[in-house]
């Protein structure tokens, strides 16, 4: 089963009250002895004062319900599901969630949605969102799921790329009650091996946008981008509007796109280099106005020596930012934004894999809207290896996740400040315990991650305020030494609570942290 998507967080206006981790409380769930060596799961969230987690073990699908003390209150079997799913996604609301799943029966792939209440019980019958007739067995997902920031628009799309020169793009947009608003099919002209599609986005009014990149496709073993076209479909329109963006004489890498619903903008960001496959030299940003249909700002920000020195991993001989991957664009109400990036790479038997060795994105970070760019959002838990299948016992793969860069821009794409959150992480044959999770409190964004101290993993929290000031929070209390945390899979479930998966004696369990 494919890894599910995890919800990306959009940081809106940030005001300034300090986080008091001193008052934090941690509650642990009991390890589930029914779990086997590998478990697919996704944290659903907090509904009706219950904490819900989806699990998949072999052909069994369940919703586990925890009470306020993280005691298991119920374990509901999802008997309505077929034995084998291709992929699944979760969209959570205040007191229910949609479980959207794909499966194949004979030569038809079905995309379905089930309404699940706060007790983990299905409401009514599953709804068919779309079907596709195919002539092969689908081991990978056919449909990709999008939803708007307010979750009042849900989009599904599929791309038939059998003809390398002409992709067939079909998208459907639904309201929050799963009523179909529109379904459209279009042809997208592609230059074979030179064009590819990157990230997709859906705004609160049902506009869908994505980027077609040209120049050097990732599967052409080059990894750099020279030209981009912003593709925008307004609600119900028959055609896709194309806006060509003339990129300066630079090469883009790792393009991201983000909807600004407040200002009705689209923000595009990418690392860039001055030559093909060269060192990363800076950041490229562009802001497009939906109302005017024009590019209102386009900037390149060249990294200076001081920032490069601060961003460089300790002891690394490689150029600064060459190992960084963009992970999110964080928006402010005034039209400003911040870009988050993390240093992530791997080695196989001591051989370093650089950014050009990955098709799109970091060696372990699978991000939510990229469907040539995979999808962030569930997770398969393997106590002894990476869920991506790279690390088997007879092939040593070491995963690294180092510093986090936060770079803030004003509403005109002018750089305001940069901050580097230092960390150094690695693990062998598994990337479960490296990386970071992010959660929001009044006045700041907070980063939770593991750090090794005297061969022991210590869970640490650092915060950053609207001016870029970094504060290292006190060490979390009530950390049981028997638990190993996986903070990059955490989910914020309320204004003051997060759920974090963890491992206890090779069993999966969950910790609720109140702060």
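Numbers below:
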read-out	value
Among (1) farther than 20 Å from residue 97 by Cα; (2) within 20 Å of the chain's Cα centre (by Cα); (3) modelled with pLDDT of 95 or more, the one test that residue 149 misses	(1)
Breaking point among (1) at pLDDT below 90; (2) touching a strand residue (DSSP E or B) at 6+ places or on another chain (Cβ under 9 Å), for residue 455	(2)
Unmet requirement for residue 313, which otherwise passes all of (1) surrounded by fewer than 15 Cβ atoms within 10 Å (Cβ to Cβ); (2) within 19 Å of residue 353 (Cα to Cα)	(1)
Strands (runs of 3 or more DSSP E) fully within region 223-264 counting 2 or more residues that are within 20 Å of residue 277 (Cα to Cα), in contact with a strand residue (DSSP E or B) (Cβ under 7 Å, 6 or more places away or on another chain) and modelled with pLDDT of 90 or more	251-260
Filter result (touching a residue at least 60 places away in the same chain (Cβ under 8 Å) and closer than 12 Å to residue 268 by Cα) within region 286-320	286, 287, 297, 298, 299
Of all residues making up region 11-46, the number that are at pLDDT below 50, part of a loop (DSSP other than H, G, I, E, B) and buried (at least 17 other Cβ atoms within 10 Å of the Cβ)	3
Among (1) modelled with pLDDT of 95 or more; (2) part of a strand (DSSP E or B) - the single one residue 205 does not satisfy	(2)
Selected residue (only one of 471, 475 is more than 19 Å from the chain's Cα centre (by Cα) and modelled with pLDDT of 90 or more)	471
Selection within region 427-462 - in contact (Cβ under 8 Å) with a residue 24 or more places away in the chain, part of a strand (DSSP E or B) and farther than 22 Å from residue 406 by Cβ	427, 428, 452, 456, 457
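Residue by residue, here is whether (1) assigned to a strand (DSSP E or B); (2) surrounded by fewer than 16 Cβ atoms within 10 Å (Cβ to Cβ) holds:
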| site | (1), (2) |
| --- | --- |
| 269 | yes, no |
| 276 | no, yes |
| 280 | no, no |
| 283 | yes, no |
| 292 | no, yes |
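The values are calculated or read from the model by the stated rules, or taken from the named source; none is laboratory data. Computed from a predicted model, the values in this text were never measured in an experiment. As a convention, Cβ positions derive from the backbone with ideal geometry for all residues, glycine included, and neighbour counts pool all protein chains shown.
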